[in-house]
Each structure stands twice: as C-alpha cells, then as structure tokens.
Amino acid sequence: MKRILNISLWVLSVVAVIFLLAFTNHASSGVACSKIKINIARTVTENRFLDSAVVMQEFADKRIALQGQKLPNINLAQLEDELNNNPYVKSADVFVTLDGNLTISLTERTPILRVIGNTGDSYYIDADGELMPLSDRYTAHVPVASGFITEKYSTYYTFGVKGIEADEKLKNVLVIDDLYRMVQFIKADSLWNAQIDQLYVLSGDEIQLVPKIGDNIIAFGTAENMEEKFSKLRSFYKHAVAQGTLNAYQTINLKYKNQVVCTKKL
C-alpha cells in the first residue's frame, strides 16, 4: 500500500511539473521583452573589462534583437553561448521572467599577470590560467612578466595553462605555465604580493624578480624548488633589513641549494 502511495505521489509530481511548464510557456507566449537587466560580478572591484553598454553593443553587432521581442522567440542558450565566447567572461547565465524582464548574470575574468613577449605580443593570464587579450577600455594593475617569452596569444589562448601542463612537450618548452604558478604563489603570500611586481625571463627559462623595495635584482633561476627559494629569500630579507644592508647588494642569487649568494654594488 505504501509503495502504491509513493508511486501515485511521484506521478502527481511529474504531472504538476508538466502542467506548470505548459502554463508558464502559455503565459509567456504573448509577453514581449520589456526590460533587460545586466549583473556583472567581479572578484576585483576595480576591474572594468565589461559593462552593460559593452554587452548590449556585442548583441547589436551580431544583430541579436532583444528589446520588444516575444519571450519565446529569444534563444537563451544562444545568448549564453555568445557571452561565454567573450574572452572577458568567465561564466554567463541568462533567464526571463513572466513579466517580460530579461536578466543577464555575468562573472568577469580576473587577470593576475600581464605577459609581454619578446615579439611585442601582450596579454593577460587570469586566475584560472586562461589567456585574456588586452582591452581598449581598461588596463589591470597586475604584475608584469617580460623578456624571453615566445608564447603568442593567438597560438596558445585555446590551450590555457592547464592545456599546456597537460601536454608534456609543451610543458617542457614553454614558460608561461611557470610564470602563472609563480604569480599564484606570490599572490598567496602577503609579503611577496606587496614586494614583487615584475618578472623578467632570461634564456633557459631562468627568471629574475624585480622588487618594489630594495635597489637590487633577485636571480631566482628556474621555477623549480619555488617554495625553498622564496623561503631563503624571506630569511635573507629578515637578516638584511635588521642589519640595514638590503641596498648594499646589486644581485640576490637564489639559484644555489641552501645558500643565498649576493653581489655587492661597486
């Protein structure tokens, strides 16, 4: 008896859902889109790669009409696909209400590093390791990596850092995946986030760091043993600041195991 009752309740629930969907579709069939509301979520509030005008202009450029259109004639899936193809959009959700409102909810990508290649090609890498083009509207204030960087945006934007790391050949010859991991490490530490804002790549994927405080260059070497090298640098800073000798050195070399080798200024 209990089983029959459960089955009956399940059938009634399914019928109710079908009736509700049919009623909703019928009720909205004659309603036109009267208002478009665009919500943009940002991890960093200063970032302004997107705004409502940019989103609406993108639809206009692609001749996608919204205002005044009957709700059933608006392809929500198409709108989401178009928005998700925007390089500054991390995710998009589009829905309508029975009173004719169209709501577009976007999450904007968050760049954490700007890359300037040795050919002049320049782009961002975002918090998820995706490559982002520069914007004519806004310039993000993030650390800059330059020097011997050959990876072009047009070649690797479809890969992203995760795609590069998944390909053993690419991982062994490219450097932007190392730069991404290093900037992640820097941003996660309050000292390094406040101190390091430039990374310079030499041939052989060796990296130099340019600090905000201290008139010297940090020879980091490759990204291998990153945690150990930053730990040595922290210990050196504590000692040098305490002794008042931080600006006495031209180069702080972290490439040697268990040592920090410094070159004094002439």
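Brief remarks on what is shown
- Per residue value of the accessible surface for the chain (all protein chains in place, 1.4 Å probe), Å²: 58 Å²
- For the chain, the equivalent ellipsoid derived from the Cα gyration tensor has semi-axes of 52, 23, 17 Å, listed largest first.
- Accessible surface of the chain, 1.4 Å probe: 53 percent of it comes from carbon and sulfur atoms.
- What you get for the stretch 52-94, charging only the Cβ of Lys and Arg (+1) and of Asp and Glu (-1), is a dipole of about 120 debye around the Cα centre.
- Three-way shape label, the stretch 182-266, alpha-carbon gyration tensor, a/c 1.5: rounded
- Sites R234 and T158 - FRET efficiency at Förster radius 45 Å, r taken between beta-carbons, to 0.05: 0.75
- Cα pair distances in the stretch 96-178, grouped into 10 Å bins until the bin that holds the longest one, percent each: 17, 44, 20, 11, 7, 2
- The charge dipole of the chain, taken about its Cα centre with unit charges on the Cβ atoms of Lys, Arg (+1), Asp and Glu (-1) only, comes to about 600 debye.
- At R0 = 41 Å, FRET efficiency that the Cβ-Cβ distance of N118 and I36 yields, to 0.05: 0.40
- Projected onto its three principal axes, the C-alpha set of the stretch 34-177 covers 55, 30, 25 Å, listed from the longest axis down.
- Each peptide in 178-185, 112-119, 151-158 gets a packing score, the mean of other Cβ atoms within 10 Å over its residues, and the list from highest to lowest is 178-185, 112-119, 151-158.
- Prolate/oblate/rounded call for the stretch 129-225, Cα gyration tensor, a/c under 1.5 rounded: oblate
- Here the calculated FRET efficiency for D51 and V173, from their Cβ-Cβ distance with R0 = 45 Å, stands at 0.70, rounded to the nearest 0.05.
The values are calculated or read from the model by the stated rules, or taken from the named source; none is laboratory data. Just so it is clear, the model here is predicted, and its values are computed rather than measured. Methodologically, a virtual Cβ is constructed for each residue, glycine included, from the backbone with ideal geometry; neighbour enumeration extends over all protein chains shown. Just the protein is used for accessible areas: all its heavy atoms, side chains included, with ligands, DNA and RNA removed. Shrake-Rupley method; radii C 1.70, N 1.55, O 1.52, S 1.80 Å.
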